[in-house]
Amino acid sequence: MKSKTAPAPALIGMSLKALPGMPLPANDLLWDCWQVLRKDHPGIRARDAANQLEVPEAALIASGCGRISLRLRGGDWGDFLERVGAIGPVMALTRNEHAVIEKTGTYRNIQCGASMGLVLDPDIDLRLFLDHWRHLFMVREDSHGNARHSLQVFDAAGVAVHKIYLTDASDRAAFDRLVADRGTDDQTTAFVAEPPPERPAPKADELVDLAGFHTGWDALLDTHEFFGLLRRFNLGRVQALRLAGVERARPVAVSALAVVLNSAAESGLPIMVFVGNRGCIEIHTGPVHRIKTMGPWLNVLDPGFNLHLREDHIASAWVVRKPTSDGVVTSLELFDAAGETIAFVFGRRRPSEPELEGWRELAASLPDAESAP
């Protein structure tokens, strides 16, 4: 959240924003601005500081190379993740503009191809889109006299894709070996941001083959086929839900997530929570217990699992029913005002198993949206 106090005008004296493809202000200027901001706002997170200074988060981290960060060699991400697994228990963090998910566990059962990857541990469950993994840093953050070490991955635009934090149970020697082996002579504090990829414009509603779209939806055999359905009919996700018909996608109140989390906590119903970005989706599977609202943030504060989500940023919420070879799968899907995904929630489900009846009943009980999105 941006502060109402303007940060360090004497130091900044100009906008730090750069044109796409241009080197961002770096070296001492950006670093000094960041330090003044930290002095004025103790505890400010790097992402929030970057937003105030109008630079990508990776540019801020790069400005600290040789001070609080090190550039590391990226690529060969399968090997990287296996080395992370050797560190033992860590905290995995994935976020987007509106939500943060944090899970503690060990990276195991790793599968990586050229552009896709999986981590399939009960605690660390990730879907990786490696084409967006571009920059890798080791970062040391000092907080209340303690040093917190992490490995941070950013995309070409400098947006954080995934972060991995050491815990008290981590093998620090394995972490140090990974950092040493991935070291590079390139420790420049400059950062060149590439513009994010443009999303194709969806087809106008009146041009959509609705009968064909509905037939394609009803013929789905796996939830993952839904992405191909959207591409085939050139539809945005919220647009597709809006055109699907209430028997397939029902708009519900934006308070639906709070209802689901509190109901699941009271009943013990196990759920699946998906939070992601272009480069990574992180998943929690299991029960939730401690649900707490702090201002606009809706939080799950459980051992080994934290969720922080800006409830006031939910512009639309949908209960979505997709057919699969194992029966209908129901999800709660949350979107911002631009139609970008915030989070998905499912009932806990394993392949070849039908979804939990308790989850299906909870989703059906959610109140309708006050007005159609």
- Note: probe point = Cα of SER325 + 7 Å toward Cβ; backbone nitrogen < 18 Å; residues of the stretch 211-249 passing the test are 217-229
- Task: Give me the distance in nm between label points sitting 7 Å out from Cα along the Cα-to-Cβ direction at ALA174 and ALA190, one decimal.
- Result: 3.8
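Net charge near ASP121: determine it from the other residues with C-beta under 12 Å of the C-beta of ASP121, scoring Lys and Arg +1 and Asp and Glu -1. Can you show the working numbers first?
Values: positive: LYS103, ARG108; negative: ASP123, ASP125, GLU282.
Once positives and negatives cancel, what remains is -1.
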- Where is the GNM fluctuation largest for the chain (alpha-carbon springs, 10 angstrom cutoff): SER331, SER143, SER267? SER143
- Nearest-10 value in Å² for the accessible area of SER255, using the 1.4 Å probe: 50
- Note on the structure: the stretch 174-241 and the stretch 30-56 have their Cα centres apart by a whole-number Å value of 30
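Tell me, in nm to one decimal, what length is gained between ALA204 and LYS39 on full extension, where the rule is 0.36 nm per residue of separation less the Cα-Cα distance?
Working: separation 165, 0.36 × 165 = 59.40 nm, distance 4.94 nm.
The span from ALA204 to LYS39 would gain 54.5 nm if fully extended.
Given the rule -39500 (n - 2.57) for each run of at least 4 DSSP H residues, summed and divided by the residues of the chain, what is its mean residue ellipticity at 222 nm, to the nearest 500 deg cm²/dmol? Write out the running numbers ahead of the final one.
On the way: 11 runs with 100 residues, N = 373.
Taken over the chain, the calculation gives -7500 deg cm²/dmol.
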- Item | Distance-filtered residues of the stretch 238-276 - backbone nitrogen under 15 Å, label point 7 angstrom along ASP218 Cα→Cβ | 244-249
- Query: Rank ILE342, ILE110 by accessible area, highest first, at a 1.4 Å probe radius?
  - Reply: ILE110, ILE342
- Note on the structure: With every protein chain in place, the accessible area of CYS65 for a 1.4 Å probe, in Å² rounded to the nearest 10, comes to 10
- Amide H within-cut-off set for ALA369, under 5 Å, with H built and near neighbours excluded: VAL252, ALA253
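Would you list HIS162, HIS41 from the most to the least accessible area, probe 1.4 Å?
On the way: HIS162 0, HIS41 40 Å².
Ranked from most to least accessible, the order is HIS41, HIS162.
State the Kirkwood hydrodynamic radius of the chain in Å, one decimal place, computed from all pairs of distinct Cα atoms. Please list the in-between numbers first.
Numbers: mean 1/r = 0.0451 Å⁻¹.
Evaluated over the chain, this radius sits at 22.2 Å.
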- Query: Excluding ARG108 itself, what net charge comes from residues whose Cβ is under 11 Å from its Cβ, given Lys and Arg +1 and Asp and Glu -1?
  - Reply: -4
- Query: Ranked by accessible surface with a 1.4 Å probe, highest first, in what order do PHE344, PHE175 come?
  - Reply: PHE344, PHE175
- With every protein chain in place, the accessible area of LEU81 for a 1.4 Å probe, in Å² rounded to the nearest 10, comes to 0
- Check ARG148: other-chain or 5+ apart residues with amide H under 5 Å from its amide H, H built from backbone geometry? GLU141, ASP142, SER143
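Scan the stretch 270-334 for GluC sites (Glu not before Pro) in coil per DSSP, keeping those whose Cβ has at most 15 other Cβ atoms within 10 Å, and list them by number. Before the final figure, lay out each step's value.
Details: sites: GLU282, GLU311, GLU333; in loops: none.
Listed in order of number, the matching sites amount to none.
Where Lys and Arg each count +1 and Asp and Glu each count -1, what net charge lies around ALA147 among other residues with Cβ under 14 Å from its Cβ? Before the final figure, lay out each step's value.
On the way: positive: ARG67, ARG140, ARG148, ARG172; negative: GLU141, ASP142, ASP168, ASP176.
That works out to 0.
Hey, can you rank 259-266, 204-211 by average C-beta count inside 10 Å, highest first?
Ranked by mean Cβ neighbours within 10 Å, highest first: 259-266, 204-211.
Once you keep just the Cα pairs under 8 angstrom separated by 6 or more residues, what percentage relative contact order results for the stretch 267-339?
18
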- Would you mind calculating the gained length between LEU118 and LEU301 on full extension (0.36 nm times residue separation, minus the Cα-Cα distance), in nm to one decimal? 63.3 nm
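The values are calculated or read from the model by the stated rules, or taken from the named source; none is laboratory data. In this text the structure is predicted, and so the values were computed from the model without any measurement. Because the Cβ atoms are built from the backbone with ideal geometry, glycine has one as well, and the counts that use them run over all protein chains shown. Keep in mind that these areas ignore ligands, DNA and RNA; they rest on the heavy atoms of the full protein, side chains included. Shrake-Rupley method; radii C 1.70, N 1.55, O 1.52, S 1.80 Å.
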